[in-house]
Amino acid sequence: MTQVPDVNGRFGAFGGRYVPETLMTALLELEEAYAHYSKDQAFQDEVRYLLHKYSGRPTSLYYAERLTKHLGGAKIYLKREDLNHTGAHKINNTIGQGVLAKRMGKTKIIAETGAGQHGVASATIAALLGLECKVFMGEEDMKRQQLNVFRMQLLGSEVVPVLSGTRTLKDACNETLRYWVSHVEDTYYILGSVTGPHPYPMMVRDFQRIIGDESRQQILAEEGRLPDYIVAAVGGGSNAMGIFYPFVNDDNVKLIGVEAAGRGVDTIEHAATMTKGRHGIFQGSMSYVLQDEHGQVQPAHSISAGLDYPGIGPEHAYLKDSGRAEYVPVTDAEALEALQLLSRTEGIIPALESAHAIAQTLKLAPTLDKDKVVVVNLSGRGDKDVEAIMGYLGVDKHESH
Amino acid sequence: MNLIDTAFARLKSEGKTALIPFLTMGDPDLQTSVDIIQALEKAGADMIELGVPYSDPLADGPVIQRASERALLHNSITLVDCINVAEQAREAGVEIPFILFTYYNPVFQYGLKAFFELVQSKGISGLIIPDLPMEEDEEVRQLAEAANVHLIPLVAPTSKERVTRIARKAKGFVYCVSSLGVTGVRADFHAGIDEFLATVREATDLPIAVGFGISSREQVARFEKQCDGVIVGSAIVRKIEEAIPLLQDTEQREVGLKQISDFVAQLKG
C-alpha cells in the first residue's frame, strides 16, 4: 500500500483538517515540529529512554497456553500492553507527545479522556515533565471511572467535568477542542487516539506503532513466522492502529478490529461505528461516523467508556474501505463473558476495552487449525473497571462486610 | 449581483456599518424563527445569519450549544428546515440577505450538488462553514461560485500569514474572529485585535465584518469605525432563550418578539 497520510493528512478519502480557522496555525506548527523532531535523534532517544526505563517496555508477548487449550484451536498470544506503567497502551503516546510539547516550549497540556486511561497517562507524563495539566472528562464517565478521576488528581492534574451533550467521551473531545481554541497560544493538546485533525492520526499512530514493532520481533523469535491474525479493540482506534501498522504490508496477516456493539447492533445502544456508521466529518476528520440521516452525530453506547465513541480514526476507515482490515462488533455481554474467562484461565483481568478483543478471539480461535497463530492486543488491565464489573455482574459490594 | 454585495455597497454609500444578527433556526420553533427575522429587519438588521443546529458545534460556546440542543431535541430541525426558513421569510416580505451558518457534516450528508441547488433556489446569498478551512474547501468553493452563493471565510488573530491567502479567495466579506475561543459573550477581545483587523483590511478590497463575543452597543460602536459589519450571535440567542416562555404563549408572543427586536435596535444605536 502507498504511504499514508499524504501532505494534506489524507488517508485516501479520509482524514484531513476540518477545524475552525483559529486552530489551523497551531496544527500547522505542530505538524512542522513533529516533522522536525521525529527525525531528531535526541528526541527519539528521550522517548525511547522513557518507554524503556519509565514505562517498562518492551511489554511481553505472552503465549496464553491455557486459553489456547480451552478454545482448542489456534495458538493465542497476548501482547501485554496492560503491563505498561499506568496500565494501558495510552502511555506510549503521552510519552511521545509530552516530550514533543516540552521541546516545543509549551508549559501547559490538555487532554480528553473517556475511560480515564488517556487522562491518567497524560497526568502522569505532565507530572514527570513538570507540565501543568487539565483533563476534560464527561460527567457520566467520571461516575463510571471514579478511581481514575482520583488518580489524575493525585498526580496533580485538574479534572474538568464536561456537562455538555452526552457527557461522555464525544463531548469531552468537543470541550477539549473548544478549550484549545481559546488557549491555543500557550497550550499543547495531547490527543489520545488516532482521531481528530491531521497530524494527530499520523502522529499518534507513529507513537503507538511500537506495539506492532515489538510484536513483530517477538512473534518471529517465538514462532519463526508472522501471525495469521491480529485482533485488537477499536474505539478511536489507537491500540489497534499501533499493532496493525507494522503489518499493513504483510498481506498474509489478517487484521481484525473489534468494535463495541453495546446492547447489539440492531438496537440504538451501540458504538459500532464501522458496522452501522457512514462516511462523515466529525471532530476534525473525515471517517466513519455514527449519525442520523441528516448528519447529526448520534450518541454511542458501550459498557466500556473507552470504546463509547461514535467516530473512529481515519486510517481505520481507509483500511476498511481498501479491504485491508476487517471490523467486527462485539456486545457488552460477550465482552463481560470474555473478561471473566480470561481472568479464570490466565489470571489476567483485562480492561473492558481489551475484553472486546478477547471476545472476538473466543469466536475466532476455535475455527482455526492448531498451527495458526493469533496475536491479541491486550491493550489495558482491568483494575479500573473492577467496581463497574461488580455492578454489571450483580455482585453486592457489601456482602463481604 | 449577490444581495450581500448590494447591501454592503448601499451601506458604504450611506457611511454605515452592517449589523448582522445570528439566530439558531428552530429555537424555539421554525415559525418563530421566521417571525424573529421579520422583527429584526424592522429593528435595523442589515443581513441575517441563519444558524443550522448541530449535534457537535465545535466553534460555539454554551449559549448557542444550548439553542442547538433545544432545536434538535424539541423539533428535530434539519438543514432543509433551516433553508426553508429563508424562503418563508422572503415570502413574508423580508428583503435583507440571508447567510447560512452550518457545520460541514450536514451539508456533506445532504450532498454538495443538491445542497447548492437548494440553497440557490431558496434565496440564500452567503454560506459560512466554520469547520471548513481553506485547505478543505476547494470543491465547496467552486460549487458555491457556480451557484452565486458567497462562501464567506473566517480569519482569526492566529491566522497570521494565512490572512492574505484566505482573503484572496473570499467572497461577500471576510469574517474576522474577534477573539480566540468559541462564540459567546465576553468582556475582552484578543489583545492584538486592532492590528489584526488592520491586517485583514490591508489584505482585501472586500468588506470586513467582525464577530465572536460582541454583545453590547458599546462593543458594536467600538468596531463600527474599523469594520464594515458587526456580527452579534450569542447575545441575541440568549435574549431569545430568555423570551421563550413569552414566545410560546400566544398572548405574550408580541411582547417576547419586541424584547428581542428592542435589543437589536439598541445594538444598532
Among the residues of the stretch B:67-82, how many are more than 9 Å from chain A (Cβ to nearest Cβ), at pLDDT 95 or above and either under 20 Å from B:Val182 (Cα atoms) or open to solvent by 10 Å² or more (accessible area, probe 1.4 Å) (or both)?
5
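When you go through B:Ala67, B:Ala9 one by one, which is the residue that is under 25 Å from B:Tyr103 (Cβ atoms) and either acidic (Asp, Glu) or more than 14 Å from the chain's Cα centre (by Cα) (or both)? Walk me through it before giving the result.
Values: B:Ala9 fails: under 25 Å from B:Tyr103 (Cβ atoms).
Going through B:Ala67, B:Ala9 in turn, the sole match is B:Ala67.
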What's the number of the only condition in (1) touching a helix residue (DSSP H, G or I) at 6+ places or on another chain (Cβ under 6 Å); (2) surrounded by fewer than 22 Cβ atoms within 10 Å (Cβ to Cβ); (3) at pLDDT below 95 that A:Leu129 fails to meet?
(3)
Consider only pairs whose beta carbons are under 8 Å apart and that are at least six residues apart or on different chains; among these, list those whose first residue lies in the stretch B:169-180 and is over 16 Å from B:Asp228 (Cβ atoms) and whose second residue is open to solvent by 10 Å² or more (accessible area, probe 1.4 Å) and basic (Lys, Arg).
B:Lys169/B:Arg141; B:Ser179/B:Arg186
Checked the stretch B:205-243 for anything outside any helix (DSSP H, G or I) and small (Gly, Ala, Ser); matches are B:Ala209, B:Gly211, B:Gly213, B:Ser215, B:Ser216, B:Gly229, B:Gly233
Go through A:Ala221, A:Ala305, A:Ala240, A:Ala271 for me and flag whichever is without any contact (Cβ under 8 Å) to a residue 40 or more places away in the chain and in contact with a Gly (Cβ under 7 Å, 6 or more places away or on another chain).
A:Ala271
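Quick grid of which residues meet (1) loosely packed, with under 15 Cβ neighbours inside 10 Å; (2) touching a strand residue (DSSP E or B) at 6+ places or on another chain (Cβ under 7 Å):
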site	(1), (2)
A:Pro329	no, yes
A:Glu337	no, no
A:Arg344	yes, no
A:Gly347	yes, no
A:Ile358	no, yes
A:Val375	no, yes
A:Ser379	no, yes
A:Asp383	yes, no
A:Gly391	yes, no
Return the residues of the stretch A:166-196 that are without any contact (Cβ under 8 Å) to a residue 40 or more places away in the chain and at the interface with chain B (Cβ under 9 Å from one of its Cβ atoms); say none if nothing qualifies.
A:Asp171, A:Arg178, A:Ser182, A:Glu185
Residue check: is B:Ile20 in contact with an Asp or Glu (Cβ under 9 Å, 6 or more places away or on another chain), aliphatic (A, V, I, L, M), modelled with pLDDT of 95 or more and buried (at least 20 other Cβ atoms within 10 Å of the Cβ)?
yes
Go through A:Pro310, A:Pro350, A:Pro314, A:Pro299 for me and flag whichever is within 14 Å of chain B (Cβ to nearest Cβ), modelled with pLDDT of 95 or more and either touching a Leu at 6+ places or on another chain (Cβ under 7 Å) or more than 25 Å from A:Phe11 (Cα to Cα) (or both).
A:Pro310
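Counting only residues that are closer than 18 Å to B:Ile20 by Cβ, give me the helices (runs of 4 or more DSSP H) lying completely in the stretch B:117-204 with at least 2 of them. Show your work before the answer.
Working: elements: B:138-146, B:162-169, B:193-203.
Answer list for the stretch B:117-204: B:193-203.
Would you pick out the residues in the stretch B:100-116 that are in a helix (DSSP H, G or I), within 14 Å of chain A (Cβ to nearest Cβ) and farther than 22 Å from A:Glu21 by Cβ?
Here is the first cut: in the stretch B:100-116, the ones in a helix (DSSP H, G or I) are B:104-110, B:112-116.
Next, only the ones that are within 14 Å of chain A (Cβ to nearest Cβ) stay: B:104-110, B:112, B:114-115.
Matches in the stretch B:100-116: B:Gln109, B:Tyr110, B:Ala114.
Condition (residue is over 19 Å from B:Pro130 (Cβ atoms), open to solvent by 40 Å² or more (accessible area, probe 1.4 Å) and modelled with pLDDT of 95 or more) applied to the stretch B:182-189: is it met by at least one residue?
Initial filter on the stretch B:182-189 (over 19 Å from B:Pro130 (Cβ atoms)): B:187-188.
Right, trim to open to solvent by 40 Å² or more (accessible area, probe 1.4 Å) and you get B:187-188.
Still in the running and modelled with pLDDT of 95 or more: none.
The answer is no, given that none of the residues of the stretch B:182-189 is over 19 Å from B:Pro130 (Cβ atoms), open to solvent by 40 Å² or more (accessible area, probe 1.4 Å) and modelled with pLDDT of 95 or more.
The values are calculated or read from the model by the stated rules, or taken from the named source; none is laboratory data. The shown structure was predicted, so the numbers you read here are calculated from the model rather than taken from an experiment. Ideal geometry is used to build each Cβ from the backbone, glycine not excepted, and the neighbour counts take in all protein chains shown. Only protein heavy atoms, including side chains, enter the accessible area calculation; ligands, DNA and RNA are left aside. Shrake-Rupley method; radii C 1.70, N 1.55, O 1.52, S 1.80 Å.
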